[in-house]
1. Between Val16, Val102, Val46, which gets the highest mean-square fluctuation from a Gaussian network model of the chain, Cα cutoff 10 Å?
2. With charges only on Cβ, +1 for K and R and -1 for D and E, what is the dipole size of segment 9-138 about its Cα centre, in debye, rounded to 20?
3. Show me, for segment 15-22, the HN-Hα J-couplings you get by feeding each phi into the Karplus relation (A = 6.51, B = -1.76, C = 1.60, θ = phi - 60°), rounded to Hz, glycine and proline as x.
4. By how many nm would the segment from Leu116 to Glu87 grow when fully extended, if each residue of separation counts as 0.36 nm and the alpha-carbon distance is taken off?
5. For segment 10-55 and segment 69-118, compute the distance between their C-alpha centroids and round to whole Å.
6. Using the beta-carbon distance between Thr95 and Glu130 and R0 = 30 Å, what value does 1/(1 + (r/R0)^6) give for FRET efficiency, to the nearest 0.05?
7. Classify segment 63-103: rounded, prolate or oblate, from the alpha-carbon gyration tensor (a ≥ b ≥ c, eigenvalue square roots; a/c under 1.5 rounded; otherwise prolate if a/b is larger than b/c)?
8. Which shape class applies to the chain: rounded if a/c is under 1.5, otherwise prolate when a/b exceeds b/c and oblate if not, where a ≥ b ≥ c are the square roots of the Cα gyration tensor eigenvalues?
Amino acid sequence: MKNNKGFTLIELLVVVLIIGILAAIALPQYFKAVRKARASEALIVVKNLKDASERYRLANGNFTGLAAGVLDITVPTSTNYTYAVAETGITATPTANNAGGVTIAYPITSGEFASLPTCTNGSNNDGICESLGNSVTVGG
C-alpha cells in the first residue's frame, strides 16, 4: 500500500484563496480603525488645548496674544497631527503620515469658542467624524 502524506496542490490553493479573501475584507477595516484611533487622540488633545486656552482667557481677559507658548500645557508633538493654537482657534491638521485623516478645530468667534468642535473628513469619507460621537459637528 501506498502511504501518501501531505497536502495536494488543490488543497493548498484553496487555503491561499481563503486567506486572500479574509485579508481583502479585514485590511480596510483595520486601516479605518487606525484612522479613528488617531482622530480620537487628536480630539482629546484639541479639547485639552481648548481648556488651557479658556484658562488663559480667564487670566488675561481675552484671547489676544493666544499662542502655543503662552498656555499652561505643552502642545504635544505627533507624527499624525499638527496642532496649532492661535487667536482664531485651535486646529488639529493631519500630517502626511496620516493620509485620509480628519481635521478637527475649535474656532473662536466673537471672543468665544464654538460650543462644539468641527470635524472635516479627509480624502476618505468613511464616517470617522460621525464615529467620534455626538460632540463633533461634521464639517464640509
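1. Val16
2. 40 debye
3. Calculated HN-Hα couplings, in order: 5, 5, 4, 5, 5, x, 5, 4 Hz.
4. Separation in residues times 0.36 nm, less the Cα-Cα distance, equals 8.7 nm.
5. When both Cα centres are located, 21 Å separates them.
6. 0.85
7. Because a/c hits 1.5 or more and a/b fails to exceed b/c, segment 63-103 counts as oblate.
8. Prolate is the answer for the chain, as a/c is 1.5 or above and a/b outweighs b/c.
Bear in mind that the values in this text are calculations on the coordinates, not laboratory data. Just so you know, these numbers come straight off a predicted model, no measurement behind them. Cβ: placed from backbone, ideal geometry, glycine included. Neighbour counts: every protein chain shown.
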